[in-house]
Structures are given as C-alpha cells and as structure tokens.
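Notes follow once the structure below has been shown.
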Amino acid sequence: MDNEKNGQVSPDGTSPEKRGSGRPSFQKELRDAVTPRSMILIFGVLLLELAFVVSFIGAFHSPKPENLPIAVVAPEQTRAVVIAELNSLPDKPLSARLAASADDAKDMVLDRSVDAALLVSAPAGRDELLVASAGGPSAVQSLQVIFEKIERHEGVTVTDLQPPNSADGRGLSSFYLVLGVIIGGYLASAALAASYGARPANLRRTCIRLLALAGLSVVSGVGGAIIVDTVFDALPGHFATLWGIATLTTFTAAAAGMAFQVLLGPAGVAMSVLIFVVLGNPSAGGVYPTALLPPFWGAIGQALPNGAGVTLVRNYSYFGGHHTAAAWWVLCAWAAGGVLVSCIASLLRKGKHAYAPPPS
C-alpha cells in the first residue's frame, strides 16, 4: 500500500519506468485536437473564404457598363440617327430611348427610369448629359468615358441633377447602412443558435425566437437611422422611413438566417454568410451600380436582401421613393419565407421526433 501511495508501483504492478511519463503520444494529441469533424468544418471555411475572394474580385475587377439606360432628346431630323448610334456602340454599353422633352428627360433621371439623359443641341449650344450621381458616381464616370470616345458628342457638358449629400462621400452610406444591419440580423440568429441550439425544440420556441429577433430588428433599425441621419447627417430628412427600411432589412436577414439553421443545423450559419456576404454584398449595387456589374452579379443583385435594401435606402433618400416596389416585395418575400420555413420545419421535426408511449 505504501509503495502504491509513493508512486513506485501501480495497481497493475508496473513501475513508472515501464509505464512511461503518462503523457499521451503526439499522434493521440493530434487526433484529439483535429478531429474528422473539425477538418470538415475547416474545409468548409476554406471554401467560403475562396468563394468570398472569387465573388468580390469577379464583381469588381473590371466594371463596365452594359445596356445602361439613357434618355435622348434631339431635333426630329436627327433623333433616329443619334439613338441608333448610341445603341450600336461596341459592347453595347448604352440602351438609348427617346424622351419627349428636356423636362421629361430630367424627370426620367430623377425617378430612376434611366441613369442619364442626353440633350442634343441643348440651348447652350453644346450637347448636355444629365446625370444623378447619388445613384452611383461610378456610373457617371463610366458615362463620361463613353462620351469622350464618341466624336459627335465629344466635350459634352455634364449636369448633375442629384449629387450625394456632402456628408455622404461617394454615395455609399446607403450600402454601409444595409451592410451593417444585415450582418447584425444573421449574427443575431446565429447567436441564438449557439446559445440554445440551431433547431428549436418546438414551434412555440421557434415563435419566441422570431419575436425576439423582431424586437432586436426594431432596435437595430432605429440605431441605424440615428447614425446615418442624426449623428453623421449622411442621409438626413428621412428618419422614419430609414428606420422602417433598416428594421425590415434586419429582420429579413435574421429570419432567413434562422430558417437556414433550422433546416441545416450549424451549417446554416455558413449558408447565411454565403448568401448575405459572399453573394449579396458585391451584387448589391453599392460600390458599383447594377449596370456596371458582370451578368451573374447584375442578375442576382436585386433579388437578394442586400440589393433590395440598398435600392430602398438610396431611392427614398435621394429620389422620392421612385422605383421601389420590387425591392419592397423582395425584402418581404425573404422575411416571410424565413418565418414560414422556420415554423414548418419546426412542426415537421416535432412530428418526426414525437414521443410515442411504450405499448402496455
């Protein structure tokens, strides 16, 4: 007994020298530290990382306009020639259409029916290009480059009908507001999943989580509106509208994120990152408007909450809320879809795992 207490002999009769130091081998430590499950997770993170790089570089590496809508006002005898010339430029950067008058062309620019308007033989004696750089300064720069290469319209005068606010820099406040609240939305759903499990035990708990996320969304919305309107004066004068848009955008990301987690478990967080960050951010029309993005990103941008949110914030802040119906529908569809999928999946899961009493 005394020898055992002193560590000289083990209960199985072996000495410490024979037993070694008692430390696990490196191979065992490696197996414990890097399990097959953790390797799968690391591989998934690597795929997301590479997808992030591909998506952002693919969207931004070579922006060029394609079928950028432009209105044309010209004397009757030259209208057809000017429109045909603009529509036949190499790579088709413009999609020209006729406007009845200069006033009509201005209205089309300001209600976002077109991105620019060309007034041929304007009263000042030179062709004039009407733009609204608050809708995306990059598009205006691209238009200037295009017209510098057209001999007939070289030296066109550019008139900015709606520039960004002085505190809005390059008109990116809309994008950053939406980016922030979307990140907050899906991280909030991920936080609930990390604390209480990705899949709620029943429909009641699912509804409680959704209500909690709705409450967070209201606070997120008012916080975002205070920052862009009151604190930095970047998008002033639209506090209530921005609050509503930011609230809906936050809840959309939160509800969709929860739906992904209910369906996929912890992998649902990765799905949220894929949709809202990898695909949603570069296609949102923030850094470059949709007309300058490659076809894939241009096609998906306004169908995702990021692009819809940016359109709503920008168009209400600068363009009187014109051309926002589709964006409202997109956000509402994503939010409603997230709620419905979460509730239905919870019901089906409850039925699948329902307790059956043992036979008597």
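Please treat every number below as a calculation from the coordinates, not as lab data. Bear in mind the structure is a predicted one, so any value in this text is a computation, not a measurement. When we count neighbours, we look across all protein chains shown, and the Cβ atoms used for this are built from the backbone with ideal geometry, even at glycine.
Below are the figures for this structure:
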| read-out | value |
| --- | --- |
| Among LEU340, LEU41, LEU274: highest mean-square fluctuation, GNM of the chain, C-alpha pairs under 10 Å | LEU41 |
| Neighbour-count order for TRP329, TRP243, fewest beta carbons within 10 angstrom listed first | TRP329, TRP243 |
| Ranking of MET39, MET258, MET108, MET271 by count of other Cβ atoms within 10 Å, fewest first | MET39, MET271, MET108, MET258 |
| Cut-off under 5 Å, modelled amide H: who pairs with SER121 long-range | ASP127, GLU128 |
| 3J(HN,Hα) from dihedral phi, region 74-82, Karplus parametrisation 6.51/-1.76/1.60, rounded to Hz, x for glycine, proline | 8, x, 4, 6, 10, 4, 4, 5, 5 |
| Folded to 0 to 90 degrees: helix 239-264 orientation relative to the chain principal axis, Cα | 40 |
| Lys/Arg +1, Asp/Glu -1 at C-beta; the chain dipole; positive extreme among VAL145, PHE43, HIS238 | PHE43 |
| Vicinal HN-Hα couplings computed from phi for region 290-307 (Karplus, 6.51 cos²θ - 1.76 cosθ + 1.60; Hz; Gly/Pro x) | 3, 5, 9, 8, x, x, 4, 5, x, 6, 8, x, 7, 8, 9, x, 4, x |
| Relative exposure of PHE239, PHE175, judged by other C-beta atoms within 10 Å (fewest first) | PHE239, PHE175 |
| Estimated vicinal HN-Hα couplings, Hz - region 165-179 in sequence order (Karplus 6.51, -1.76, 1.60; Gly, Pro = x) | 4, 4, 8, 9, x, 8, x, 9, 4, 4, 5, 6, 4, 5, 4 |
| Pairwise Lys count, the chain - Cα closer than 26 Å, eight or more residues apart or different chains | 8 |
| Reference-scaled alpha-carbon Rg (2.2 N^0.38 Å with N residues) for region 68-163 | 0.95 |
| Debye, to nearest 20: dipole size of region 38-149, +1 on Lys, Arg Cβ, -1 on Asp, Glu Cβ | 180 |
